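Taking it in order: structure first as structure tokens, then the write-up.
Only the coordinates and a few stated rules stand behind these numbers; no lab work does. Keep in mind that this is a model prediction, so the values were computed, not measured. Note: ideal-geometry Cβ built from the backbone for every residue, glycine included; neighbour counts use all protein chains shown.
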């Protein structure tokens with residue numbers, strides 16, 4: 001595991017910018033969430049960690065037990081764990097079975113791609129060489 005962020009003092013799920021530059025929204029945890037998990041809306045107003053491909057809305061910035069408020073970075077820069085090699089500047093989505101972000105396949109908008117832009121979680125700010133490398137992403141849906 002290599003930390004490509006240059007910010008070894010931060011852990012996954014930490015926001016890299018001042019809070020005033022991010023959008024963090026509290027949702028109720030429908031399942032136990034760990035800081036740094038990519039999360040998706042599993043019910044109205046509720047999030048769960050993604051352990052497979054989901055339409056993730058952001059990254060959990062704190063641990064949350066079931067029924068507890070879970071702050072989610074839905075816009076901003078956050079430290080995450082890569083699930084495989086990722087090139088800088090590529091779109092990423094969540095997640096693999098270990099709740100890590102992955103590079104999105106290029107989408108042929110005229111073809112029959114199995115991925116859509118709704119899966120996009122953000123943009124990688126560094127390249128990851130292998131699974132479990134730490135990078136920052138700019139969470140930006142759409």
Just to be sure I understand: with springs between alpha-carbon atoms less than 10 Å apart, which residue in 121, 23, 41 has the highest mean-square fluctuation in the Gaussian network model of the chain?
23
Kindly rank 8-14, 94-100 from highest to lowest mean number of other beta carbons found within 10 Å of each residue.
94-100, 8-14
Give me the one-decimal nm value for the distance between modelled label points at residue 35 and residue 90, 7 Å along each residue's Cα-to-Cβ direction.
2.8 nm
Most mobile of 73, 22, 56 per a Gaussian network model of the chain (Cα springs, under 10 Å)?
22
